[in-house]
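Engineer: Take a look at this one; I'll ask things after.
The values are calculated or read from the model by the stated rules, or taken from the named source; none is laboratory data. Everything numeric here is computed off the predicted structure, so don't read it as measured data. Please note: Cβ atoms are built from the backbone with ideal geometry, for glycine as well, and neighbour counts cover all protein chains shown.
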Amino acid sequence: MDTNLLAELLYPNIKTLPEDIEARYPKRNLPEGAKVTRLAPSPTGFLHIGNLYGALTDERLAHTSGGVFYLRIEDTDAKRTVPNGIAIIIETLAKLGVNFDEGAVIDGDKGDYGPYRQSDRAEIYQTYAKQLIREGKAYPCFCTEQELEAIRTKQEENKLTTGYYGEFAIWRDAPMDKIQEKLNEGVPFVLRFRSEGSVNNKFKFNDQIKGDIDVTENDIDHVILKSDGIPTYHFAHAVDDHLMGTTHVVRDESWLSTLPFHIQLFKALGFKMPKYCHTAQALKLDNGNKRKISKRKDPEFGLAYYHAQGYPVSAVREYLLTMLNSNFEEWRLANPDLPLEDFKFTTKKMSVSGFLFDLDKLNDISKNVISRMTADEVYDFTLAWAKENDEPFAKLLESNREYAVRILSIGRGGKKPRKDIALWSEVKNYVSFFYDELFERIDSIPENFDKNDVYAVLESFKNSYDENAEQSEWLNNIKVIAENNGFCPDMKQYKADPDAFKGSVADVSMFLRIAVTGRMNSPDLYEVMQILGREKVIGRVFDFKE
Ligand code: GLU
């Protein structure tokens, strides 16, 4: 077989040679040990928690080593491409703090190793494919869908592995005249890789996350270029990761099954293999059992959820690191104030079998993260979230920044800051009673209190409230109100003989809290009243009716 002739017959328009392409992609000038990683999504416009887990792995590997993290768009499958898919991906990731050094940007490319959209690289793939034909490592296959289906049926009937291999690889050794005949008839063809592997051969492969794994050689002649000349993922990723200088491929473990083929491809193409890091699946506890997190059942699967709910980016990153590296939490406890960039991330501490995704834990981390922010930061983040998701609330916040910041300052700072807020979307409810526009009476005074006693307490408060009093004077006044109305001002005394009183000073405070805030629970009532101001406080007490 004259393979040079075959190459010319199949791809006459390809005039470039691999060396021409290699010259366009010089070795990267990076410090020793620098890692080059990439995120390579299809432009489906949808990203999930597993993608983010992988993306953060990529990003940490690159940025803790002085390397490069780039975005490549794998858009060779039209079925997986949606309009604006690329923009959605870039924006979703940016909103979660994942930024690329290089790669596809919304309206083009940034960097010297592009084009970064596979659809712009057809000539490059075909150049390498043509070389494989010349070297006898690839051949055309003219099988129709029906023929392939018939092969499959026969294999299934005989309980054989399905696929195009061995005796079933009918075009593998076809003579030139048969090929020529089909070409003359204009029959479309795919290009297949000529596998020299055997399923009887096994070898060890070192994965950066999974360690040494047993691999069986591939014996299937997989398609590398489809009939329209567009490559399959397998072939495209090998060519791209080689040219773009990727040192570490981080991808989902579902790719492990095709790894043997990928190893063959790199060898056949004469490329050095990058290191592979196959990430485990995201799991979730469901009624005590672990199961795969799912798009259909779990809203937290998709990444859009986190931005829409208003999780602080830093909390999501912090939480992901706890999932990514088993020693991160310990490090965080020892270094509560260091930026997470200081943590020494490693693939060696990643989960091998599946990482557990726990929304409650994320919420706890988020509460902690927000509790450490200044009131101004909380205001700015909440406002940004509200502008996108709740315009009337944004307007309310903007109408008086100082007032909102005072509200958000309650319980902030100090050793034990309040941890009321996990999400920006929760702030509205948290602050609602400070705004007449949002104020709602949620809780009512428990039935066991006589309404007349409650009104009497409120009346005493109206007559004695001094907004200029210090906290201790204010508290004293509450005690006086209690005493004058038959409620015990001292908790110890009350507990010793509860039947001697209508209630305690704690009940008096509760009446006031419910009258003023509409709720049973609120931050420190003295501070709340200070911020609300005399008019609102008295107004709410005055309006109280049950
Ligand atoms: N395009 C592949 C996907 O969307 C990426 C796999 C890889 O990162 O190599 O799953």
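Engineer: Specify the residue that is modelled with the highest pLDDT; the eligible residues are those in segment 47-77 that are more than 21 Å from D240 (Cα to Cα) and within 13 Å of the ligand (Cβ to nearest atom).
Structural biologist: Y53
Engineer: In addition: For Q118, all conditions in the list (1) surrounded by fewer than 19 Cβ atoms within 10 Å (Cβ to Cβ); (2) at pLDDT 95 or above; (3) within 30 Å of H307 (Cα to Cα) hold save one; what is the number of the exception?
Structural biologist: Only one criterion in (1) surrounded by fewer than 19 Cβ atoms within 10 Å (Cβ to Cβ); (2) at pLDDT 95 or above; (3) within 30 Å of H307 (Cα to Cα) is unmet by Q118, namely (1).
Engineer: If I ask for residues that are over 12 Å from the mean Cα position of the chain (by Cα) and not in a loop (DSSP other than H, G, I, E, B), which ones from segment 289-313 would you list?
Structural biologist: N289, K290, R291, K292, P299, A308, Q309
Engineer: Return only the number of the condition from (1) within 30 Å of M373 (Cα to Cα); (2) in contact (Cβ under 8 Å) with a residue 60 or more places away in the chain; (3) assigned to a loop (DSSP other than H, G, I, E, B) that K284 does not satisfy.
Structural biologist: If we test K284 against (1) within 30 Å of M373 (Cα to Cα); (2) in contact (Cβ under 8 Å) with a residue 60 or more places away in the chain; (3) assigned to a loop (DSSP other than H, G, I, E, B), just (3) comes out false.
Engineer: Within segment 231-267, track down each residue that is within 10 Å of the ligand (Cβ to nearest atom), closer than 16 Å to I209 by Cβ and charged (D, E, K, R).
Structural biologist: R251, D252, listed by residue number.
Engineer: Are there helices (runs of 4 or more DSSP H) fully within segment 402-486 with at least 2 residues that are within 18 Å of I514 (Cα to Cα) and among the β-branched types (V, I, T)? List them.
Structural biologist: 451-464, 471-484
Engineer: So which residues in segment 168-184 are in a loop (DSSP other than H, G, I, E, B) and either of a type in the set (G, A, S) or surrounded by fewer than 11 Cβ atoms within 10 Å (Cβ to Cβ) (or both)?
Structural biologist: Answer for segment 168-184, where residues must be in a loop (DSSP other than H, G, I, E, B) and either of a type in the set (G, A, S) or surrounded by fewer than 11 Cβ atoms within 10 Å (Cβ to Cβ) (or both): A169, D173, A174, P175.
Engineer: Identify, by number, the condition in (1) in contact (Cβ under 8 Å) with a residue 40 or more places away in the chain; (2) within 16 Å of the ligand (Cβ to nearest atom); (3) in contact with a strand residue (DSSP E or B) (Cβ under 7 Å, 6 or more places away or on another chain); (4) not aromatic (F, W, Y) that A104 doesn't meet.
Structural biologist: Against the list (1) in contact (Cβ under 8 Å) with a residue 40 or more places away in the chain; (2) within 16 Å of the ligand (Cβ to nearest atom); (3) in contact with a strand residue (DSSP E or B) (Cβ under 7 Å, 6 or more places away or on another chain); (4) not aromatic (F, W, Y), A104 comes up short only on (1).
Engineer: Does R80 qualify as being more than 16 Å from the ligand (Cβ to nearest atom), of a type in the set (K, R) and farther than 26 Å from K275 by Cβ?
Structural biologist: No: the conditions fail for R80.
Engineer: Could you tell me which numbered condition I14 fails, if it satisfies all but one of (1) assigned to a loop (DSSP other than H, G, I, E, B); (2) touching an Asp or Glu at 6+ places or on another chain (Cβ under 8 Å); (3) closer than 25 Å to A282 by Cα?
Structural biologist: All conditions pass for I14, except number (3).
Engineer: Between a residue in segment 65-89 that is part of a helix (DSSP H, G or I) and any residue that is of a type in the set (F, W, Y) and within 11 Å of the ligand (Cβ to nearest atom), which pairs come within a Cβ distance under 9 Å, given they are 6 or more apart or on different chains?
Structural biologist: Pairs that qualify, where the first residue is part of a helix (DSSP H, G or I) and the partner is of a type in the set (F, W, Y) and within 11 Å of the ligand (Cβ to nearest atom), are G85/F46; I88/F46; I89/F46.
Engineer: Quick one: which of T3, T37, T44 is of a type in the set (S, T, Y) and either away from the ligand (no atom under 16 Å from the Cβ) or more than 33 Å from the chain's Cα centre (by Cα) (or both)? Steps first, please.
Structural biologist: Values: T37 fails: either away from the ligand (no atom under 16 Å from the Cβ) or more than 33 Å from the chain's Cα centre (by Cα) (or both); T44 fails: either away from the ligand (no atom under 16 Å from the Cβ) or more than 33 Å from the chain's Cα centre (by Cα) (or both).
Testing whether each residue is of a type in the set (S, T, Y) and either away from the ligand (no atom under 16 Å from the Cβ) or more than 33 Å from the chain's Cα centre (by Cα) (or both) leaves just T3.
Engineer: Sort through L397, L356, L362 and tell me the only one that's in contact (Cβ under 8 Å) with a residue 12 or more places away in the chain, surrounded by 20 or more Cβ atoms within 10 Å (Cβ to Cβ) and under 21 Å from the mean Cα position of the chain (by Cα).
Structural biologist: That would be L362, the only listed residue that is in contact (Cβ under 8 Å) with a residue 12 or more places away in the chain, surrounded by 20 or more Cβ atoms within 10 Å (Cβ to Cβ) and under 21 Å from the mean Cα position of the chain (by Cα).
Engineer: Another one. Looking at (1) within 14 Å of the ligand (Cβ to nearest atom); (2) crowded, with 19+ Cβ neighbours inside 10 Å; (3) closer than 23 Å to L225 by Cβ, which one does H278 not meet, given that it meets all the others?
Structural biologist: It fails just one condition, (3).
Engineer: What are the pairs with Cβ atoms under 6 angstrom where one residue, in segment 228-241, is touching a residue at least 40 places away in the same chain (Cβ under 8 Å) and over 14 Å from V190 (Cβ atoms) and the other, located anywhere, is in a helix (DSSP H, G or I) and within 12 Å of the ligand (Cβ to nearest atom)? Sequence gap at least six, or different chains.
Structural biologist: A236/Q118
Engineer: Could you give every pair whose Cβ atoms fall below 6 Å, whose first residue belongs to segment 142-159 and is free of Cβ contacts under 8 Å to residues at least 24 places away in the same chain, and whose second residue is surrounded by 12 or more Cβ atoms within 10 Å (Cβ to Cβ) and among the hydrophobic types (A, V, I, L, M, F, W, C), counting only separations of at least 6 or pairs across chains?
Structural biologist: I151/F168
Engineer: Residues that are among the acidic types (D, E), at least 2 per element: which strands (runs of 3 or more DSSP E) completely within segment 185-261 meet that?
Structural biologist: Values: elements: 190-193, 202-207, 211-216, 223-225, 248-252.
By residue number, 211-216.
Engineer: Can I ask one more? List every residue pair whose Cβ atoms lie under 8 Å apart, where the two residues are 6 or more positions apart in sequence or sit on different chains, the first residue falls within segment 494-523 and is closer than 30 Å to E437 by Cβ, and the second residue, located anywhere, is among the hydroxyl-bearing types (S, T, Y).
Structural biologist: What qualifies is R513/S522; I514/S444.
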